[in-house]
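A.B. asks: Here you go, one structure.
The values are calculated or read from the model by the stated rules, or taken from the named source; none is laboratory data. The structure displayed is predicted, hence computed values, not measured ones. As a convention, Cβ positions derive from the backbone with ideal geometry for all residues, glycine included, and neighbour counts pool all protein chains shown. What goes into the accessible areas is simple: the full protein's heavy atoms, side chains included, and nothing from ligands, DNA or RNA. Shrake-Rupley method; radii C 1.70, N 1.55, O 1.52, S 1.80 Å.
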Amino acid sequence: MQIHESAEDYLEAILMLKEQKGVVRSIDVVNELGYSKPSISVAMKHLRENGYVLMDDEGYLSLTNKGYVIARRVYDRHQILTKALMALGVSEQNAAADACKVEHDLSEESFDKIRAHILAHEKDISK
């Protein structure tokens, strides 16, 4: 499943906004990512044409199963990498920004090791 980094960002933003707000429109994605309305409009059109996003008659966006799988993977990576960087003492703002840069390119092996380390550390804290 090969998809461009920018498309992953759009899908992740839709998932995050859906979890936060319950409903998502293109303007919410514009506000979240800071891109222009025309750029988001073109991106949403391509995501719809490729079966990643649906838009209802009122303009509300939702992820297809195919879009959700990608969005969830990227969002989970973002959350774990943010936690890992914060555990090293990086501020939350910088950790989130850096996680966004790394989440797309990090190998599965490296990510799996980071995730295992973070999850083991969280279990130690909860004891």
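A.B. asks: For region 64-93, how many residues meet the condition of being free of Cβ contacts under 8 Å to residues at least 24 places away in the same chain, under 30 Å from Leu54 (Cβ atoms) and open to solvent by less than 70 Å² (accessible area, probe 1.4 Å)?
C.D. replies: Final tally of qualifying residues: 3.
A.B. asks: Among (1) over 18 Å from the mean Cα position of the chain (by Cα); (2) small (Gly, Ala, Ser); (3) assigned to a helix (DSSP H, G or I), there is one condition Gly89 misses while meeting the rest; what is its number?
C.D. replies: The single condition Gly89 does not satisfy is (3).
A.B. asks: Taking region 51-69, which residues are in contact with a strand residue (DSSP E or B) (Cβ under 7 Å, 6 or more places away or on another chain), more than 19 Å from Asp9 (Cβ to Cβ) and modelled with pLDDT of 95 or more?
C.D. replies: Tyr60
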